[in-house]
Each structure stands twice: as C-alpha cells, then as structure tokens.
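Data first, discussion second: the structure below is written as structure tokens.
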Amino acid sequence: MNNLIKESLKKLKQKNINNPELDLRILLKHASKKNNEIILSNLNIDSIDTATFKKSLQKRINRQSIAKIINNKSFWKYDFYVNNFVLDPRPETELIIEQVLTIYKNKNQKLKILDIGTGSGCIAISLAKEFENASITAIDISQKALEVAVKNSKIHNCGNQIQFKLIDFKNISSKFDLIVSNPPYLTNDQFNNTDPEVKNFEPKLALVGGDDGLKFYREYSNTLHNLMNKKAYFVCEIGINQRQDCEVIFQNSGLDLINITHDLQGIDRILSFSKI
Ligand SMILES: C[S@@+](CC[C@H](N)C(=O)[O-])C[C@H]1O[C@@H](n2cnc3c(N)ncnc32)[C@H](O)[C@@H]1O
C-alpha cells in the first residue's frame, strides 16, 4: 500500500473517524484526475491530484463532513449541492417524501405545497420531481441557504415549479394543500454535545429549536391551521423523544394527528396531520 494512503488512514483513525477506509476512498475519488476506480491496496498515485487530496484530507481531519468537503449529498433519488450554509440532507428526512406519497396516490394532482425551512431545497425539489403539476413555495430565513436551494433547483431543472422566498413562516399568508417541514429541533444542550461535523460546520439556525427544541412545533400549532386549505395535510419531522410533547402541543391546533412514521432505528420521526 502506498505511503500516502497508509499515513492518511492513520491520521483519520487517530481522529476517531468512524469509517476511515470509506472516507479515504471518497476523498481519493474526489481528487482523482480521471474519475478512476479507487483501489486502496493498488492505487496509481499519479491518477490523483495530490494537492486537492491533501486539502480535502485535512478538512476531514478537522471533522468537516464528507458531504461538505465534496459539496454533494444524496437525498431521495437525487444528488444535492451542499455547503456550510445548509444542513446536509439526512436519510430520515426522506420519510417525509414517502409519507406524502402515501397520502397523495395520484401524482398528477395540482397541489399547492409549502416547504418551511427549505435549506438545500432537498424536500421541495424531490416533491417537485414526484408531483410535476404541483406548485411549490419553498421558504427560509437564510439568504445563503436559499442560494443553495435555487442552485439545486436549476441542477434538477424544476425551478419553474418552485418559488423560493426569503421569509419567516410567521409572515406567510396564502393557503396550501400540503405543508412540509423539517424544522430546527435540537435543544441547546444537544447542539453543544453533538458531533463536530454538525456543531462546527452546519448552521446553528438550521438546528436549534429554542431551549427545549420544541419552539417551532409550538409556533406551527398556533399558525399553520390558517395556512391550510380544506382537507390539507401537514407532514413534519421531529427529534428524538419529541413525539409525546408534540402530541400535547398540537392538541388544540385544529389539526388531527393521523400518522406517526418511525425511522430505521425505530425512533418516532415523522408526524402527519390533517386539517379538522
Ligand atoms: C433542519 S433545517 C432543514 C433543511 C432542509 N429542509 C432539510 O430537510 O435538509 C431547517 C431550516 O429552517 C430554516 N429556518 C429557521 N427558522 C426559520 C423560520 N422562522 N422560517 C423559515 N425558515 C426557517 C433554517 O435556516 C434551515 O435552513
């Protein structure tokens, strides 16, 4: 094995990085001059742009996520551009798309959809691709995040279906058939104790939902009813152990909890509501 590979692996292991071999392969591929296959035991080092590789390796040693280093994260059926201004899309958030597909079996419907806190645009864009007749409003209070979302909508050729708006959800006044959201839901303590990949490289604005993490659900429960058409749905992600609190919070919201979806670890993750 080439010395550069051996040394790089050693450095990643010293930093307690979970899958050093996998990460190393991805970083080498990212720095590959001809997009060659990467075989760690038999790597032709001439095929690698070593300056790019060393820079990326140092970022990983500093605990930046692989997605942020290579500016790419897969979500649902697509690849999304990501940077430090957005959350790396998470696999559990894909359950929002699955749940929406369960609710709306007819994909030709002209749905009016609101995505609150669009970040990279991963939910809005995935829904635009599934429901080609839908018109989607995707909002965020981060201008930098919206720039990423717009870039992704252009990459995926669905900018005509989505209106991106720099606005707080509290200032929205139109009505929708479907509202989706993966809001910030960590407590301050959870944020302070989370992995460096998250704490040091993802926007706090995207992660923390007030002292107890429940701020957004409280605000949604007061306002969303007014933004929903008759027979409209609201599908949102929640954090670990937030289901019971959310059930109490939404008790008098004018919304009916119709489904709870668990993620692959068995955690209650997606709540779906219909307007009463
Ligand atoms: C957890 S991230 C979700 C990003 C993306 N939807 C996803 O699932 O990967 C939450 C997003 O909500 C945005 N946000 C925070 N407060 C907001 C508010 N009051 N109104 C609208 N968006 C907000 C943040 O800037 C961030 O982009």
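The values are calculated or read from the model by the stated rules, or taken from the named source; none is laboratory data. Computed from a predicted structure; not experimentally measured. Glycine also receives a Cβ, built like all others from the backbone with ideal geometry; neighbour counts cover every protein chain displayed.
Points worth noting:
- Of the strands (runs of 3 or more DSSP E) lying entirely inside region 110-173, those containing at least 1 residues that are among the basic types (Lys, Arg) span 112-116, 162-166.
- Total residues in region 194-221, condition away from the ligand (no atom under 13 Å from the Cβ), assigned to a helix (DSSP H, G or I) and either in contact (Cβ under 8 Å) with a residue 12 or more places away in the chain or outside the structural domain of ILE123 (by TED's automatic domain parsing) (or both): 3
- Residue in region 55-87 that is nearest to the ligand (Cβ to nearest atom), counting only those that are basic (Lys, Arg) and outside any loop (DSSP other than H, G, I, E, B): LYS73
- Restricting region 32-80 to residues that are surrounded by 15 or more Cβ atoms within 10 Å (Cβ to Cβ) and of a type in the set (Gly, Ala, Ser) leaves a set whose member that is nearest to LYS151 (Cα to Cα) is ALA67.
- For region 170-192, the set of residues classified as among the aromatic types (Phe, Trp, Tyr), within 14 Å of the ligand (Cβ to nearest atom) and surrounded by 21 or more Cβ atoms within 10 Å (Cβ to Cβ) consists of TYR185 only.
- Taking the criterion of being aliphatic (A, V, I, L, M), free of Cβ contacts under 8 Å to residues at least 40 places away in the same chain and within 13 Å of the ligand (Cβ to nearest atom), the residues of region 125-148 that qualify are ILE136, ALA138, ILE139, LEU146.
- Within region 195-212, the set of residues being under 13 Å from ASN83 (Cα atoms) and surrounded by fewer than 18 Cβ atoms within 10 Å (Cβ to Cβ) comprises ASN200, PRO203.
- Qualifying residue in region 63-76 (condition: in contact with a strand residue (DSSP E or B) (Cβ under 9 Å, 6 or more places away or on another chain), of a type outside the set (A, V, I, L, M, F, W, C) and in contact (Cβ under 8 Å) with a residue 60 or more places away in the chain): yes
- For ASN241, the stated conditions do not hold, so it cannot be described as part of a helix (DSSP H, G or I) and farther than 20 Å from ASN83 by Cβ.
- Qualifying residue in region 105-114 (condition: within 16 Å of the ligand (Cβ to nearest atom), closer than 18 Å to VAL82 by Cβ, buried (at least 24 other Cβ atoms within 10 Å of the Cβ) and in the same structural domain as LYS231 (by TED's automatic domain parsing)): no
- Scanning region 88-95 for residues that are more than 12 Å from the ligand (Cβ to nearest atom), under 26 Å from GLU219 (Cβ atoms) and crowded, with 21+ Cβ neighbours inside 10 Å turns up nothing.
- Of all the numbered requirements in (1) within 13 Å of the ligand (Cβ to nearest atom); (2) surrounded by 16 or more Cβ atoms within 10 Å (Cβ to Cβ), GLN161 misses one, and that requirement is (1).
- Within region 235-276, the set of residues being over 19 Å from GLY210 (Cβ atoms) and among the β-branched types (Val, Ile, Thr) comprises VAL235, ILE258, ILE260, THR261, ILE267, ILE270, ILE276.
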